[in-house]
Amino acid sequence: MALDRLEVRRAAPSVSGRRRLSHALTHAALIVAVFLVAVPLLFALVKATQPSDQVITPNLLPGGAFFSNLGRVWTEANLGRYMLNSLIVTVAVVVGKTILSVLAALAFVYFRFPLRSLSFALVLFTLMLPTELLIVALFDLVSTRLGWANSYLAIIVPFLASATGTFLFRQHFMNIPTSLADAARIDGCGPLLFLRHVLLPLSLNTIGALAVIQFVYVWDQYLWPLVIMQSDERQVVQVGLRKLIDVGGQTDWGAVMAGAIVTLLPPLLVFTVLQEQFSKGFALGQDK
Amino acid sequence: MTVIPTAPTEAAPAARETTAAPAFRGRLLPWLFLAPTLLVLAVFLYLPAAQTLSLSTYRSNIVLGTRQFVGLSNFAELLSSPAYRQVAGQTLAFVALVVVLGLGLGLGLAWLASRPIRGGRIYRLLLIFPYALSPAVAGTLWLFLFNPEVGAVNQLLGSLFGVRPRWLDDPTLAFGLVTAAAVWKGLGYNVVFYLAALTNLPKEVLEAAEIDGANGWQSFWRVVVPLLSPMTFFLLFTNVVYALFDSFGLVDILTRGGPVEGQAGVTTFLVYQLYEDAFRNFRTGIAAAEAVLMLLLVGVITLLQFRFGSRRVHYGA
């Protein structure tokens, strides 16, 4: 007995020593990894703050020219307009997608109707139809037949339905006890009141998760706006970035980096703020 | 394209659905709720998909306004074209590299960041932020970093070793650069999902392994990696889709598909080729046929995901 305890006590320091070493190694590896992942962004951050004569030199000290760099692209290169366009489109699509997919999931989970499985299959099957592959026909439809080229409609309406969202909410609703819906019905509550007072408050994490995915997805869209938006007045900021680089002659890298930083802020902000919901909403604890 | 993030748990609640009675009644109401979604999908996905199919059998030119039915000859032309075959081949190489490197690095970093160490939260946040960056922003940052004259990489290489590679003009370097940028940009996504899966691992199994005397390395390879296989499988497909489609913005800003070697630009991947044929060369029929071929590819990938996805192991409660 006493010997046992002695051995434990003797073993303890070496175990904790090994653990300390392994922790130190983990820290070292993580610091290197974090640094490597961050290098392109750090470089852009520094260069965005330097005045024109320093930007193209190896100088890596931050300067004080961020706002003058930003000012050049914001007004002269139309970045302000592009940002506003992206914001309008992204918010419209995120809100629209959330509403449409909540309603669709409500129908799928709480109703029985003919062709229900077929409808669900039709929604799910659209995952196999990426917009990128349909651009030829979609361009024809949206610009020629609907006449929506150069309007916000062209980059909002086609993206309002979401198989991902419908699927995500359906999964989530199915995990909510049915007794809640039964109780609501017995109390004389219609499906919309049930949605408003029971489902939505229970779905905040799912809504947050979906908002992050959709915000990042819509804000980062590139190919479709590039193709459909000929007018600069309605162009989104991702395609705008391409125009900043393509000014002809010498690229104003300080201004371009300032533009890139500002472009990546909104999705980064949404992601950082909603990161908890993002993780809880669909990744963490889903099997429990 | 968005990808279903919940796929790994799909099988779980299926049983309840068939047995439960409907909570609400109504004939019209469910259709009213579904109508907006179904309408948008029908008009903006199914209709264009059908049209793409029909367009692929025509030789047409938007600019000239010509249109002639040619049957399957667009497909025959594509499949026998050395340039298209080169594009398809390098796309597959690119996808394979992005997937293998992205999953490997993602898992390794998630494993490190999930260990109970001080500041874990900060490490995790700093590792996953590239998720929020767009391919266009990533392309812009890398374009400047690897600019041969004023980029930081060549300024460093130049002062240390006296070399200043032409990153975007050399075929091998350009291909590698686009691949590396795609891996970097996709890393955050993989780390997020691996972290989630790691947090969900049953603690008892890991403790049991530790009691049995497994060291960190052994429990990682023998216990963690097998337990993570459902997530790996899910990420395999999302990464393939990411590499196939989201690479467009990166390629367009970094290399515009070039530099040319052989029959085509080495960073011209299938989606980029589709865009070029549709909106630069105005070969609408050919572009539609390319889209159909890619739809087949995506269809096979998705079917594989559902086929094998539902058989995945389930663990936890």
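Please report, in debye to the nearest 20, how large the charge dipole of the protein assembly as shown is about its Cα centre when each Lys and Arg carries +1 at its beta carbon and each Asp and Glu carries -1 there.
1260 debye
Within chain B, the whole DSSP H helices whose Cα atoms reach 20 Å or more along their own axis and whose mean Kyte-Doolittle score is at least 0.0 are B:82-113, B:171-199, B:284-309.
Extending 7 Å from Cα along the Cβ direction at residue A:145 and again at residue B:222 yields two label points whose distance is 6.2 nm. Among the listed pairs A:47/A:280; A:97/B:185; A:47/A:97, a Cα-Cα separation exceeding 32 Å is found for A:47/A:280; A:47/A:97. Calculated [222 nm] ellipticity per residue, helices only, for chain A: -21500 deg cm²/dmol; basis is -39500 (n - 2.57) per DSSP H run with n ≥ 4, divided by all residues, nearest 500. A straight line joining the Cα centroids of region A:69-139 and region B:137-194 runs 32 Å. Can you list the residues of region A:249-281 that have at least 10 square angstrom less accessible area with all protein chains present than in their chain by itself, probe 1.4 Å? Those are A:253, A:257, A:260, A:264, A:267, A:268, A:271, A:272, A:275, A:276, A:278, which lose 10 Å² or more relative to the chain on its own. Measuring nothing but how far apart in sequence close Cα pairs (under 8 Å, 6+ apart) lie, relative to its length, chain A scores a relative contact order of 29 percent.
Distance between the C-alpha centres of region B:71-133 and region A:204-219: 22 Å, rounded to the whole angstrom. Amide H contacts for residue B:261 (H built 1.01 Å from N in the peptide plane; partners 5 or more residues away or on another chain; cut-off under 5 Å): B:266. With a 10 Å cut-off around each Cβ of B:258-266, the average count of Cβ atoms from other chains is 0. In this label model, residue B:304 and residue B:42 are separated by 3.4 nm, measuring between points 7 Å along each Cα→Cβ vector.
Can you pull the Rg over Rh of the protein assembly as shown, Cα-only, Kirkwood?
Values: Rg = 25.9 Å, Rh = 26.1 Å.
My calculation puts Rg/Rh at 0.99.
Extension gain for residue A:153-residue A:233 works out to 27.4 nm (0.36 nm per residue, less the C-alpha to C-alpha distance).
Probing with 1.4 Å while keeping every protein chain in the model, the per residue accessible area of the protein assembly as shown equals 44 Å². Given axes a ≥ b ≥ c from the Cα gyration tensor, I'd like to know whether chain A is rounded (a/c under 1.5), prolate (a/b larger than b/c) or oblate. Since a/c reaches 1.5 but b/c is at least a/b, the shape of chain A is classed as oblate. Taking a straight line from the alpha carbon of residue B:203, these lysines sit under 16 Å away, with near neighbours fewer than eight places off in the same chain left out: A:288. If you sort the three axes of the alpha carbon gyration tensor as a ≥ b ≥ c, you get a/c of 1.5 or more for chain B and a/b no higher than b/c, which makes it oblate. How much of the accessible area of region B:78-120, in percent, comes from carbon and sulfur atoms when a 1.4 Å probe is used? Carbon and sulfur: 74 percent of the exposed surface of region B:78-120. Selection among B:81, B:125, B:144 by position relative to the dipole of chain B gives B:125 as farthest towards the positive end (Cβ unit charges, Cα centre). Dipole check for chain A: with +1 at the C-beta of Lys and Arg, -1 at the C-beta of Asp and Glu, and the Cα centre as origin, the magnitude is about 900 Debye. Among the DSSP helices (H) of chain A, those spanning at least 24 angstrom by Cα along their long axis with an average Kyte-Doolittle hydropathy of 0.5 or more are A:2-48, A:79-110, A:253-273; this is a geometric and hydropathy rule only. Here the dipole of chain B is about 580 debye; that uses its Cα centre as origin and unit charges on the Cβ of Lys and Arg (positive) and Asp and Glu (negative). Ligands, DNA and RNA aside, residue A:253 has an accessible area near 20 Å² when probed at 1.4 Å. Chain B packed on chain A takes about 10200 Å² of accessible surface away from a 1.4 Å probe, both sides summed. Comparing B:303, B:214, B:275 along the charge dipole axis of region B:205-317, the residue lying farthest to the positive side is B:303, per the Cβ-charge model. Would you please classify the overall shape of region A:37-150 from the alpha carbon gyration tensor, given that a ≥ b ≥ c denote the square roots of the eigenvalues, rounded means a/c under 1.5, and beyond that prolate means a/b larger than b/c while oblate covers the rest? Prolate, because a/c is 1.5 or more and a/b exceeds b/c. Residues of region A:18-38 that bury at least 10 Å² of accessible area when the other protein chains are present, relative to the chain alone (probe 1.4 Å, heavy atoms, ligands and nucleic acids excluded): A:19, A:22, A:23, A:26, A:27, A:29, A:30, A:31, A:33, A:34, A:37, A:38. Counting only protein heavy atoms and a probe of 1.4 Å, the accessible surface of chain A is 67% carbon and sulfur. Taking each residue as 0.36 nm, the span from residue B:172 to residue B:117 lengthens on full extension beyond its C-alpha to C-alpha distance by 15.8 nm. Only one residue of A:85, B:172, B:34 has its Cα farthest out toward the positive end of the dipole of the protein assembly as shown, where Lys and Arg carry +1 and Asp and Glu -1 on Cβ, and that residue is B:34.
The values are calculated or read from the model by the stated rules, or taken from the named source; none is laboratory data. The structure presented is a predicted model; accordingly, all values stated were derived computationally and were not measured. A quick note on method: Cβ atoms are made from the backbone with ideal geometry, for glycine too, and the neighbour counts reach across all protein chains shown. Heads up: the accessible areas ignore ligands, DNA and RNA and are worked out on the full protein's heavy atoms, side chains in. Shrake-Rupley method; radii C 1.70, N 1.55, O 1.52, S 1.80 Å.
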